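> Shown below is the structure under consideration.
The values are calculated or read from the model by the stated rules, or taken from the named source; none is laboratory data. Nothing here was measured: the structure is a model prediction, and the numbers come from that model. Quick reminder, even Gly has a Cβ in these numbers, built from the backbone with ideal geometry, and neighbours come from all protein chains shown.
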Amino acid sequence: MIAPMNQPKIEILPLKKGFLRTAADATHILVRIVAPAKPADLGNTPRAPLDLALVIDRSSSMSGRQIEAALESAVRIVRGLRSDDRVTIVAFDDRIEVVQPLTAVTDREALVQRIKAIEARGSTNLFGGWEEGVKQLAPFTRKDRIARVILLSDGQANQGTVDEREIFAQVGKAAGAGITTSTVGLGHGFNESLMAGMATAGEGVANFGQTADDLDEAFEEQFAIISNSFLRQVKVSVQGGSDVQARLVGEILENGAAITRKLGTLPWDASLVAVVELKIGALAKADALAAINFEATTKEGEVVKYGPELITLPEVDLAVFSTLPADADVAAVVGEALVAEKIEFIESLARRGKFAEAKKEFETLLNRPGLSDWAKQKIEYLKELLDEDAVMAMKEMRYGRTRMMSQSKHSSMVCHSSSLDETAEAMKAIYLRRKRADGRATKPKPPQGGQPPQA
């Protein structure tokens with residue numbers, strides 16, 4: 001149970017403080033769940049112990065740099081775990097091998113040697129490897145521990161279960177049972193659709209890179225979030241009121257049902273956001289345009305619910321509406337969400353080889369009014385990368401738009417339209433930083449040694 005003084009806050013932040021009924025343009029609302037500042041008496045409280053399944057692809061397609069990066073990353077993870085953490089190591093090609101059953105991290109070097117002995121061979125039963133990782137954790141899951149599978153692979157499944165929808169369904173089922181999944185795509189040709197989709201379904205984190213150094217910051221971010229978690233497995237849902245079509249930007253409304261999005265882990269003194277789009281009809285009620293609900297899991301494993309919070313706005317006429325100012329901070333976040341949605345369309349063009357059309361769409365995006373500086377630099381980077389390396393550009397598009405939709409924000413509303421200062425970004429908690437590129441390291445690797453990475 002969360003103490004009353006430590007309850008999260010739900011905020012409903014409209015782009016404009018009024019709406020036009022039956023307007024051609026949709027009304028946009030930013031919704032946030034805000035965690036309180038970490039109490040002083042919890043400042044040195046350790047995170048919950050971690051039960052970790054490292055699932056390593058050793059198929060022949062991983063030979064060379066990819067297997068080296070996977071093994072070195074796994075070694076660095078093990079060396080950063082605490083003695084009250086537990087780890088299991090699973091290697092897979094067309095056969096599944098439990099290299100190490102779940103064990104306490106008391107002899108790191110023995111675990112390291114088992115990891116280093118893994119060699120590339122065979123084809124890729126990716127789902128089978130992931131499934132074995134879940135099986136190793138399942139009998140030992142407890143509410144006071146965090147269970148997570150980290151899958152390191154080039155994501156080219158060609159044995160066993162290969163249908164993405166079936167895989168996502170099973171990964172989502174495991175997350176519902178308390179075993180979340182994060183993925184690490186390695187190399188140049190990994191299947192980003194599969195790897196990013198598994199992390200989304202598994203309520204974990206999706207990262208990619210080509211070397212262990214590329215991935216250091218990604219793992220530091222992941223463990224910093226776990227170490228500072230206030231709520232886990234946060235979900236948001238929206239339900240439109242009478243004669244109101246509501247959706248979360250980036251999701252598809254199906255049959256008028258409430259739309260739910262997995263937002264991930266909410267750290268202390270941070271917020272998770274979603275953008276709601278409303279199309280308001282003639283019979284809509286201004287005092288109940290839509291309802292927002294949040295659901296999450298506490299550190300102790302208790303499921304908690306917050307809401308419903310009603311979205312209400314005064315109805316105004318065209319003359320008044322045209323003079324209403326737009327909130328600059330809300331406009332920046334709304335813009336990023338809409339850009340993320342557009343990048344999905346551009347990615348689909350690139351996958352069909354329509355690169356000229358994709359670049360034109362990027363140009364159109366760059367001319368969009370009210371873009372945050374970060375979004376502008378992100379678009380410019382993707383446009384340039386499309387000329388240099390179309391394969392990696394498509395991966396950056398997939399991971400970049402996911403980050404745009406789900407990244408943690410600082411608990412205080414700051415101006416997102418400010419300049420992207422990378423020196424200033426480096427001073428923030430790592431899960432609040434914003435980068436142009438998602439698959440490349442932006443700082444030296446963190447120190448290692450038996451302590452969890454610090455935010």
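> What is the residue count in segment 156-183 for residues that are within 18 Å of the chain's Cα centre (by Cα), outside any helix (DSSP H, G or I) and either of a type in the set (G, A, S) or farther than 24 Å from D84 by Cβ (or both)?
Residues that pass the stated criteria total 3.
> Tally up the residues in segment 17-35 that are more than 28 Å from the chain's Cα centre (by Cα) and touching a residue at least 12 places away in the same chain (Cβ under 8 Å), please.
Residues that pass the stated criteria total 7.
> If we only count strands (runs of 3 or more DSSP E) wholly inside segment 248-357, which ones have 3 or more residues that are in contact with a helix residue (DSSP H, G or I) (Cβ under 8 Å, 6 or more places away or on another chain)?
Because the criterion is at least 3 residues that are in contact with a helix residue (DSSP H, G or I) (Cβ under 8 Å, 6 or more places away or on another chain), the strands (runs of 3 or more DSSP E) in segment 248-357 that meet it are 259-267, 270-280.
> Next question, about the same structure. Which ranges mark the strands (runs of 3 or more DSSP E) fully within segment 1-117 that have 1 or more residues being under 30 Å from E277 (Cα atoms) and basic (K, R)?
Answer list for segment 1-117: 9-14, 27-34.
> Something else about it: Residue pairs, Cβ under 7 Å, 6 or more apart or interchain, first in segment 342-367 and in the same structural domain as L385 (by TED's automatic domain parsing) and touching a residue at least 24 places away in the same chain (Cβ under 8 Å), second aromatic (F, W, Y) and in a helix (DSSP H, G or I). List them.
I346/F362
> I need a count of the residues in segment 73-110 that are closer than 18 Å to V134 by Cβ, within 25 Å of the chain's Cα centre (by Cα) and among the charged types (D, E, K, R).
Residues meeting the conditions: 2.
> Any idea which of E220, E164 is surrounded by fewer than 24 Cβ atoms within 10 Å (Cβ to Cβ) and in contact (Cβ under 8 Å) with a residue 60 or more places away in the chain?
Exactly one of E220, E164 is surrounded by fewer than 24 Cβ atoms within 10 Å (Cβ to Cβ) and in contact (Cβ under 8 Å) with a residue 60 or more places away in the chain, namely E220.
> Spot the failing condition for N228; the list is (1) surrounded by fewer than 16 Cβ atoms within 10 Å (Cβ to Cβ); (2) touching a Pro at 6+ places or on another chain (Cβ under 6 Å), and only one is missed.
Tallying (1) surrounded by fewer than 16 Cβ atoms within 10 Å (Cβ to Cβ); (2) touching a Pro at 6+ places or on another chain (Cβ under 6 Å), N228 fails exactly one: (1).
> Please enumerate the residues belonging to segment 104-152 that are touching a strand residue (DSSP E or B) at 6+ places or on another chain (Cβ under 6 Å) and among the polar types (S, T, N, Q).
N125, Q136, T141
> Testing K143 on (1) in a loop (DSSP other than H, G, I, E, B); (2) within 21 Å of the chain's Cα centre (by Cα); (3) surrounded by fewer than 15 Cβ atoms within 10 Å (Cβ to Cβ), one condition comes back false. Which one is that?
Among (1) in a loop (DSSP other than H, G, I, E, B); (2) within 21 Å of the chain's Cα centre (by Cα); (3) surrounded by fewer than 15 Cβ atoms within 10 Å (Cβ to Cβ), K143 violates only (2).
> Here's a follow-up. If you take the residues of segment 304-329 that are modelled with pLDDT of 90 or more and within 22 Å of the chain's Cα centre (by Cα), which of them is surrounded by the most Cβ atoms within 10 Å (Cβ to Cβ)?
Y306
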